[in-house]
Amino acid sequence: MASTAIAAAGQQLQVLDSSNPAVARVRQLIGGGGTQYYSSDGWIRCWEEGVTPWDLGQPTPAVVDLVNSGTLPGDAATVLVPGCGAGYDVVALSGAGRFVVGLDICETAIQKARQRAAADGSSSFAFVAADFFTWEPPELFDLIFDYTFFCALHPSMRAAWGRRMAQLLKPDGELITLMYLAQGQEAGPPFNTAVSDYEEVLRPLGFVITCIQDNQVAVQPRKGMEKIARWKREDAGMADK
Ligand SMILES: C[S@@+](CC[C@H](N)C(=O)[O-])C[C@H]1O[C@@H](n2cnc3c(N)ncnc32)[C@H](O)[C@@H]1O
């Protein structure tokens, strides 16, 4: 039986596998048409139906820890959160000298994120409805944070995910991946994911892990299934010269 916990928003938070009817519905909507994996249609239907079982209804605890750790860039740093969904992590990462862009392919998600975040009254974040794979930002980012975006993409899109990360980050920028390591899934999203899947696409682009650890503050249904890794390009020093 799926383990559960109560999310801050009050809904029952369940494990993200096929024992969860909402995940089964997401898979129908996103994978049902085969080629839908590569279009926004399925994600838009999920948001319009309100089938968003990944949504914690609060900032991810590991993000709050990262902010409190004092190890994130500040001093006019720019941050990107691709596949930001309802945008809780965007708001949590913002401030202390950071301007954060939350990007999601689904206009409905972005509208929800904007409405919810408006109460924050801050001008240190913005939400953009666009496709991560084609969006052209006005400037590159100091930091990109990915949570449940890599594992949500069809595995055939992972190499393109890596290339986009390399294109969107400043040469000395940092990528932080909070990795949801789904296993034993016959379908997705979330698709089966291992740390080696990230390495396979990031290592050839020069990214190396500078720090990796278990996510000790994962929400209950995800405990023991997540690791957090910080990546930099090993030639970053050369890029400045
Ligand atoms: C599994 S959800 C994760 C949302 C959020 N990171 C969270 O943890 O609550 C994946 C999100 O990625 C978005 N998405 C999917 N494909 C995308 C793309 N090509 N560009 C931008 N966003 C995309 C979906 O609309 C969805 O909101």
Query raised in the report: Between PRO137, PRO53, PRO189, which gets the highest mean-square fluctuation from a Gaussian network model of the chain, Cα cutoff 10 Å?
Result: PRO137
Report task. Averaging sequence separations of C-alpha pairs under 8 Å and six or more residues apart, then dividing by the length of the range 127-241, give the relative contact order as a whole percent. Result -> 27 percent
**Report entry** Cα gyration tensor shape for the range 72-132, rounded if a/c is under 1.5, else prolate or oblate
**Finding:** oblate
Query - Label-to-label distance, nm, for residues given as ARG114 and GLU48 (7 Å Cα→Cβ offset) - result: 1.9 nm
**Report entry** Mean separation of Cα contacts under 8 Å (6+ apart) over length of the chain, as relative contact order %
**Finding:** 17 percent
Report summary line: In nm, the gap between the two label points placed 7 Å beyond Cα toward Cβ at TRP135 and HIS154 is 2.1 nm
Query raised in the report: What's the extension gain from ASP235 to GLU199 if we count 0.36 nm per residue and subtract their Cα-Cα distance?
Result: 11.3 nm
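Go through 208-220, 160-172 and give me the packing order, highest mean Cβ count within 10 Å leading.
Values: 208-220: 14.2, 160-172: 17.7.
Highest mean packing first, the order is 160-172, 208-220.
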Report task. Determine the gain in length on full extension of the stretch SER40-VAL128; use 0.36 nm per residue of separation and subtract their C-alpha separation, reporting nm with one decimal. Result -> 30.2 nm
Query raised in the report: Once the other residues with Cβ under 14 Å from the Cβ of GLU186 are scored (Lys, Arg +1; Asp, Glu -1), what is the net sum?
Result: 0
**Report entry** Helix-only CD estimate at 222 nm, as mean residue ellipticity for the chain, using -39500 (n - 2.57) per DSSP H run (n ≥ 4)
**Finding:** -8000 deg cm²/dmol
Query raised in the report: Looking at the range 57-239 from every direction and averaging, what is the projected area of its Cα convex hull in nm²?
Result: 10.3 nm²
Requested in this report: Kindly work out what percent of the DSSP beta bridges joining two residues of the chain are antiparallel, to the nearest 5.
Outcome: 45 percent
Requested in this report: In whole angstrom, note down how far apart the Cα centers of the range 68-94 and the range 101-141 are.
Outcome: 12 Å
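Laboratory data are not the source of any read-out in this text; all were calculated from the coordinates shown. Only a predicted model underlies this, so the values are computations on that prediction, with no experimental measurement involved. Please note: Cβ atoms are built from the backbone with ideal geometry, for glycine as well, and neighbour counts cover all protein chains shown.
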